[in-house]
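Working notes for the structure below.
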Amino acid sequence: MPLEAAKYKQYTARRRIAYFGFGYDFTANRLGEAPPAPAFLEPLRAKVAAWMSLAPAALEQALVTEYRPGTPLGWHRDAPDFGRVAGVSLGGWARMRLRPYPPGKKDTPIVLELAPRSAYQMQGAARWQWQHSIPETRELRYSITFRTLARQD
């Protein structure tokens, strides 16, 4: 699967990505079309959808992200075009930090350990009222993120 450098506005991130279903243009702040998910992702999408009590088709976007050692993901909330989010962590360990949005000066982040083959989901307050980030990874790690569109929530 070809991965491309992630672009955010005028910046090129250290992580590499592949979008399926829908991509996101951070310069224009809008959704764009992306190729359909490859067949090998379908069993995982079905498992994640069942875990979220959704039909697999509700997970309309998939994002595969490669984090090479030393690659961070800065504080953010996912684009508002997307609704519920689920991620599957593969390869090396990572830590996901969460803090209220908008952040306060005295907020202490909550830290979640993302073990290889672990999964998380964000919806409700965790999705809309908190930001998340991943500090620099120590090992090669892949994340497969599935998202619904906000119109479905």
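The values are calculated or read from the model by the stated rules, or taken from the named source; none is laboratory data. All figures in this text were calculated on a predicted structure; none of them were measured in a lab. Heads up, the Cβs are rebuilt from the backbone with ideal geometry, glycines too, and the neighbour counts pull from every protein chain shown.
Annotations for the structure displayed:
- Considering the range 115-135, the residues that are among the aliphatic types (A, V, I, L, M) and not in a strand (DSSP E or B) include one that is surrounded by the fewest Cβ atoms within 10 Å (Cβ to Cβ), namely A125.
- Selected residue (criterion: surrounded by the most Cβ atoms within 10 Å (Cβ to Cβ)) from residues of the range 11-33 that are outside any strand (DSSP E or B) and within 16 Å of the chain's Cα centre (by Cα): G21
- Verdict on F146 being out of contact with any Leu (no Cβ under 6 Å at 6 or more places or on another chain) and crowded, with 17+ Cβ neighbours inside 10 Å: no
- Residue pairs whose Cβ atoms lie under 9 Å apart, sitting 6 or more positions apart in sequence or on different chains, and linking a residue in the range 24-39 that is closer than 16 Å to A150 by Cα and in contact (Cβ under 8 Å) with a residue 24 or more places away in the chain to a partner that is part of a strand (DSSP E or B) and among the acidic types (D, E), are L31/D25.
- Residue check for G70: at pLDDT 95 or above, assigned to a loop (DSSP other than H, G, I, E, B), surrounded by fewer than 16 Cβ atoms within 10 Å (Cβ to Cβ) and out of contact with any Leu (no Cβ under 7 Å at 6 or more places or on another chain): yes
- Here R138, R95 are screened, and the one residue that is assigned to a strand (DSSP E or B), of a type in the set (K, R) and touching a residue at least 40 places away in the same chain (Cβ under 8 Å) is R95.
- Residues located in the range 98-114, provided they are touching a strand residue (DSSP E or B) at 6+ places or on another chain (Cβ under 7 Å), of a type outside the set (S, T, Y) and outside any strand (DSSP E or B): P103, D107, P109
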